[in-house]
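Reviewing the structure listed below.
Values in this text are rule-based calculations from the coordinates and carry no lab data. Small disclaimer: the values here were computed from a predicted structure and weren't measured. We place every Cβ from the backbone using ideal geometry, glycine too, and count neighbours over all the protein chains shown.
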RNA sequence: GGCCCCAUCGUCUAGAGGCCUAGGACGCCAGCCUUUCAAGCUGGUAGCACGGGUUCGAAUCCCGUUGGGGCUACCA
């Protein structure tokens, strides 16, 4: 039997990392088993459906490198792949259930239900539908439905006693007492199915073999199982995944930083790093493997590697992995990835299009320093800028020259004249010249190099100095040293 | 409140009765390297929630306690 797995997002907003992680597991499982992975849009709540959310879900999947074999955008043998377009199928199931007496129409109004809930709460009774319409005479229910302009819901008739046993692939058999389950709604008054009905009908219709979903569904799994039975359908294998928690052990939310995949992309995370990180949130290949290519993950991924405990989203670990992925990029790939960031974030004064290629000589030096692609801009903007750099003159008086303006000025002037004589203009020659100068001035190299770095890059943190100066060229370097000296003159000494 | 799930270093995890004086990774600390920042290398810190059983032997099995999470909607 071919493995068929589905990802069923609700188009209600920006795709959440927890949600996308489920999609990733779906996809990895399907790919590992050579099966099919499909996307099915679960838009059964008209009020919550958000315009454009569907496309954002696709974007998030594509960004991560997840592809699908069937879906609303590409069709497939089980089309349509949007639940709002499959209403007749749910109606058909409802008619069958009604005819069999496995379900019943309910005329109770939301107001009555609210009141019921309040009473139950005040009496410390377990909340839930009281079965008001379950046993009333049909004629009476129908008359009431007519009074409500034909509005009614359909509820599943849950057995009054007995136990329903759900088998979860991760936890084994879990038993639920039927008496504690209420007759939940299958079809709402607006004619749309609830998740319970739609997912059961569609998973069966689409020949889904394995259902991966969040832990929060485990409690309703017995309802689904009962529905499968009532419909005489074969249930899939259920895999309830532990949720992803925020750093405070609560639900992952905006308070903890980014929760949508798009935001991570916008911060300079690499999709392959994100995928690796997400895969490791609740799954492990063995006791030591951390960094894996997509193919390696697919080859190793299976249910037996999944855990049962909820994992905390650790941004530091993600960031560290991202740095490792960036360092592993080839020089060309790094340059190609960095291009768009320079284009977008470099000051407007830099002419476009930006040529990331001019970074080529120093790219490896930068590559091993950044953990996010976005950081590249801070490490390289001075290569692209012409004219005075944006920094404060006071910063030239670092720890070495604190309260010693004339010392710093003298040093910079010396540096300038020494560098003026360097020929050829190579990192090696520049280094020799500057080290020789530090010696002559009886300054520790770090003391001399710090103001030079700021003068030349405008920053206290920068790529290695000599290579930087070499790439900058003699003319620009000398001009910047000159500019730094002038700024020092103006600093109150 | 009721029902259900979960419980190994701060974090992600390995561990399916003896291989565990519990392994790896991130983080953190120290050292080396060093022009800043990284990277790299070396070493270190830190954990089986608690209490009972079962067993010759338990992180691993059972029960309880505690803690965390979920569900309890005409949302998914």
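If you average 1/r over all unlike Cα pairs in the range A:125-200 and invert the result, what Kirkwood radius do you get in angstrom? Before the final figure, lay out the partial values.
Working: mean 1/r = 0.0688 Å⁻¹.
Over the range A:125-200, the inverse of the mean reciprocal pair distance is 14.5 Å.
Sort A:37, A:384 so the one with the fewest other Cβ atoms within 10 Å of its own Cβ comes first. All intermediate terms of the calculation are to be shown ahead of the outcome.
Details: A:37 23, A:384 18.
Lowest to highest Cβ neighbour count: A:384, A:37.
Report the Stokes-Einstein translational diffusion coefficient (µm² s⁻¹, integer) for the range A:101-140, Rh taken as the Kirkwood radius over Cα pairs, at 20 °C with viscosity 1.002 mPa s.
Details: Rh = 11.2 Å.
My calculation gives 191 µm²/s for D.
Treat each spin label as a single point 7 Å out from the Cα along the C-beta direction, and report the residue A:490 to residue A:410 distance in nm.
It is 2.5 nm.
Can you list the residues of the range A:10-43 with backbone N under 17 Å from a point 7 Å past the Cα of residue A:328, pointing along Cα to Cβ?
Backbone N within reach: none found.
Looking at the calculated P(r) for the range A:82-214, what percent of the C-alpha pair distances fall above 20 Å?
Of the Cα pairs, 55 percent sit more than 20 Å apart.
Given the Cα atoms of the range A:191-255, and with Rh set as the inverse mean 1/r over their pairs in the Kirkwood sense, what is Rg to Rh to two decimals?
With Rh from the inverse mean 1/r over Cα pairs, Rg/Rh is 1.09.
Viscosity 1.306 mPa s, temperature 10 °C: Stokes-Einstein D of chain A from its Kirkwood Cα radius, in µm² per second?
On the way: Rh = 27.5 Å.
Here the translational diffusion coefficient equals 58 µm²/s.
Taking only the Cα atoms of the range A:403-448, how large is their convex hull per residue, in Å³?
For the range A:403-448, the hull spanned by Cα atoms encloses 65 Å³ per residue.
By what distance, in whole Å, do the Cα atoms of the range A:168-215 stretch along each of the three principal axes, largest value first?
Extents along the principal axes, in whole Å: 37, 31, 17.
Given N residues in the range A:254-353, what is Rg(Cα) / (2.2 N^0.38 Å)? Could you put the intermediate results ahead of the total?
Details: Rg = 16.3 Å, N = 100, 2.2 N^0.38 = 12.7 Å.
Computed over Cα atoms of the range A:254-353, the ratio equals 1.29.
From the square roots a ≥ b ≥ c of the eigenvalues of the alpha-carbon gyration tensor of the range A:124-282, which class results: rounded (a/c under 1.5), prolate (a/b over b/c), or oblate?
Prolate is the answer for the range A:124-282, as a/c is 1.5 or above and a/b outweighs b/c.
Apply the a/c threshold of 1.5 to the C-alpha gyration tensor of the range A:1-126 and tell me whether it is rounded, prolate or oblate.
Prolate is the answer for the range A:1-126, as a/c is 1.5 or above and a/b outweighs b/c.
Shape call for the range A:301-367 from the C-alpha gyration tensor, a ≥ b ≥ c root eigenvalues: rounded (a/c under 1.5), prolate (a/b greater than b/c) or oblate?
Note, shape of the range A:301-367 comes out prolate.
Give the Kirkwood hydrodynamic radius (Å, one decimal) of the range A:75-144, defined as one over the mean of 1/r across all pairs of different Cα atoms.
Result for the range A:75-144 stands at 15.0 Å.
Using alpha carbons only, how many degrees (0 to 90, rounded to 10) separate the axis of helix A:474-490 from the longest principal axis of chain A?
The helix A:474-490 is inclined about 90 degrees to chain A.
Let me know the Kirkwood hydrodynamic radius for the range A:11-79, please, with Cα pairs as the basis and the value in Å to one decimal.
Final number for the Kirkwood radius of the range A:11-79 is 12.7 Å.
How large is log10 of I(q)/I(0) for the range A:441-483 at q = 0.13, 0.20, 0.24, 0.28 Å⁻¹ when the intensity is taken from the Debye formula with one equal scatterer per alpha-carbon?
For the requested q values the scattering log ratios are -0.25, -0.60, -0.83, -1.04.
Need one number: convex hull volume per residue for the range A:309-411, Cα atoms only, in Å³.
In the range A:309-411, the Cα hull volume divided by residue count equals 169 Å³.
Between residue A:32 and residue A:432, take the C-beta separation as r, use R0 = 56 Å, and let me know the FRET efficiency to the nearest 0.05.
That gives a FRET efficiency of 0.50.
What ranking do A:45, A:73, A:183 get, fewest neighbouring Cβ atoms within 10 angstrom at the top?
A:73, A:45, A:183
Note down the Stokes-Einstein diffusion coefficient of the range A:363-492 in µm²/s, whole number, using a Kirkwood radius over alpha carbon pairs, 4 °C, and 1.567 mPa s.
Translational diffusion coefficient: 87 µm²/s.
Run lengths n ≥ 4 of DSSP H only: what is the helix-derived mean residue ellipticity at 222 nm for chain A, with -39500 (n - 2.57) per run over all residues, to the nearest 500?
That comes out to -13500 deg cm²/dmol.
Taking N as the number of residues in the range A:352-394, what is its alpha-carbon radius of gyration divided by 2.2 N^0.38 Å?
1.28
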